[in-house]
Amino acid sequence: MSDSTSATTIASYTMAIHMALEANGHDAAAVFKAAGLSDAPSQDPLDRYTTAQMAALFREAVKSTGNPAFGLVAARFLHPSNVHALGYALLASATLRDACERLVYYFRIASNQGSYRIEESEGRFCLVLEVVADGVAFETIDAWNAFIIRVFRMIYRPDFKPLSVRLTRPLPEGYVDLYTRSFHVPVTFDAPDCTICLDSAIVDLPLLGGNREIASEHDKILQNYIAALDAEDIVNRVKRVILRKLPSENCTKQHVASELAMSPSALQQKLAAKETSFQDLLNQVRKSLALDYMEQSRISITEMSFMLGFNDTSSFTRAFRRWTGKSPRDYRREKGVEP
């Protein structure tokens, strides 16, 4: 695990804590002061608080309110805008799967105290949050997970209920009903990780508010901020070079490695340490862009093939069928996009 000073959370996240305190009759400024923090956090996603600072803030909030489940109260005041472009990208996601994949890719904008992964089996689609930092407050984990349930209700259905919810924290005595109301299902406590499971049958249904073009613009903002947060992250560096070189014949492992001032073998070793490869990243970038382009009727499939760096339309069609199980034309026809 990382220590409590290296892991950080976006500072604007604390606006929800401030509002929750004030709304319930508590002196937010005094609580923030006791935690050693400013009660007017910046909206800049590069302004961050460490795990230790967040834990101190929640500790003081619990002390002031006398509520060990205060994180659930704060969750009601957490707005998607408090996590910058990540929140807006979630709101514009095309499906619940799309939203969950964004959390896997971009959660670091909100916090690098944990990391997400997706597990699927027997009709269950599970979003798993593994805490990777020492000293993370139970309350911040409560707040975030309850917020994610709220976001799913915003973008899918207001009566959405997960199949199950697990939390790593112990149950605060006397608060079981509050957890059930906040998560809309009984919660399992003292779990090895935080898991929200959905019915697989709903995760690929199109969302009424989904807008791939808007989501894509926020994805670009997220990629830029992640690059600024960790300029040395090899995966993001490779993706940025791929994006720049795709519409040319120079988007090869050799050319990308040269751009990054390393040999192809050194690049492959660095990517292998991140459990990926150049081809995996190339496919991820191409697939993401292809799905964006599919929504834009002004871009023909032939143009798309060129823009994604394929030698011809048939090569692109084969790749697209591997990614989606459909040909580009069939995909557009089902989406109602006129060629």
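Screening region 235-263 for residues that are aliphatic (A, V, I, L, M) and at pLDDT 80 or above and picking the one that is surrounded by the fewest Cβ atoms within 10 Å (Cβ to Cβ) gives 243. Within region 132-139, the presence of at least one residue that is over 20 Å from residue 90 (Cβ atoms), small (Gly, Ala, Ser) and open to solvent by less than 30 Å² (accessible area, probe 1.4 Å) is confirmed. If you go through region 53-67 and keep only what is closer than 18 Å to residue 169 by Cβ and either assigned to a helix (DSSP H, G or I) or open to solvent by 40 Å² or more (accessible area, probe 1.4 Å) (or both), you end up with 54, 55, 56, 57, 58, 59, 61, 62, 63, 65, 66. All conditions but one from (1) without any contact (Cβ under 8 Å) to a residue 12 or more places away in the chain; (2) open to solvent by less than 10 Å² (accessible area, probe 1.4 Å) apply to residue 10; the one that does not is (1). The single residue among 41, 45 that is surrounded by 19 or more Cβ atoms within 10 Å (Cβ to Cβ), assigned to a loop (DSSP other than H, G, I, E, B) and touching a strand residue (DSSP E or B) at 6+ places or on another chain (Cβ under 7 Å) turns out to be 45. Scanning region 314-339 for residues that are under 29 Å from the mean Cα position of the chain (by Cα), assigned to a loop (DSSP other than H, G, I, E, B) and not charged (D, E, K, R) returns 325, 327, 336, 337. The single condition among (1) open to solvent by 30 Å² or more (accessible area, probe 1.4 Å); (2) out of contact with any strand residue (DSSP E or B) (no Cβ under 8 Å at 6 or more places or on another chain); (3) over 16 Å from residue 138 (Cα atoms); (4) at pLDDT below 95 that residue 35 does not meet is (1).
Quick test for you: out of 290, 319, pick the one residue that is at negative phi, in contact with a Leu (Cβ under 7 Å, 6 or more places away or on another chain) and either of a type in the set (Asp, Glu) or touching a residue at least 24 places away in the same chain (Cβ under 8 Å) (or both). Among 290, 319, only 290 is at negative phi, in contact with a Leu (Cβ under 7 Å, 6 or more places away or on another chain) and either of a type in the set (Asp, Glu) or touching a residue at least 24 places away in the same chain (Cβ under 8 Å) (or both). What are the residues in region 301-313 that are in contact (Cβ under 8 Å) with a residue 24 or more places away in the chain, in a helix (DSSP H, G or I) and not aliphatic (A, V, I, L, M), if any? Listed by number, the list holds a single entry, 306.
Taken over region 91-109, residues that are open to solvent by less than 10 Å² (accessible area, probe 1.4 Å) and either within 24 Å of residue 50 (Cα to Cα) or without any contact (Cβ under 8 Å) to a residue 40 or more places away in the chain (or both) amount to 2.
Taken together, the residues in region 273-306 that are more than 13 Å from residue 328 (Cβ to Cβ) and either open to solvent by 60 Å² or more (accessible area, probe 1.4 Å) or hydroxyl-bearing (Ser, Thr, Tyr) (or both) amount to 11. Among helices (runs of 4 or more DSSP H) entirely within region 76-163, having at least 2 residues that are modelled with pLDDT of 90 or more, farther than 20 Å from residue 205 by Cα and in contact with a Cys (Cβ under 9 Å, 6 or more places away or on another chain) singles out 138-155. Considered as a group, the residues in region 164-181 that are in a helix (DSSP H, G or I) and closer than 30 Å to residue 94 by Cα include one that is least open to solvent (accessible area, probe 1.4 Å), and that residue is 179.
When the helices (runs of 4 or more DSSP H) confined to region 182-300 are screened for residues that are over 19 Å from the mean Cα position of the chain (by Cα), those reaching at least 3 such residues are found at 234-245, 253-259, 264-273, 278-294. In the condition set (1) in a helix (DSSP H, G or I); (2) over 30 Å from residue 212 (Cβ atoms); (3) open to solvent by 10 Å² or more (accessible area, probe 1.4 Å), residue 71 is compliant with all but (3).
The values are calculated or read from the model by the stated rules, or taken from the named source; none is laboratory data. Computed from a prediction, not measured in an experiment: that's the story for all the values here. Virtual Cβ from ideal backbone geometry, glycine too; neighbours counted across all protein chains shown. Protein only, heavy atoms only, side chains kept; ligands, DNA and RNA dropped before computing areas. Shrake-Rupley method; radii C 1.70, N 1.55, O 1.52, S 1.80 Å.
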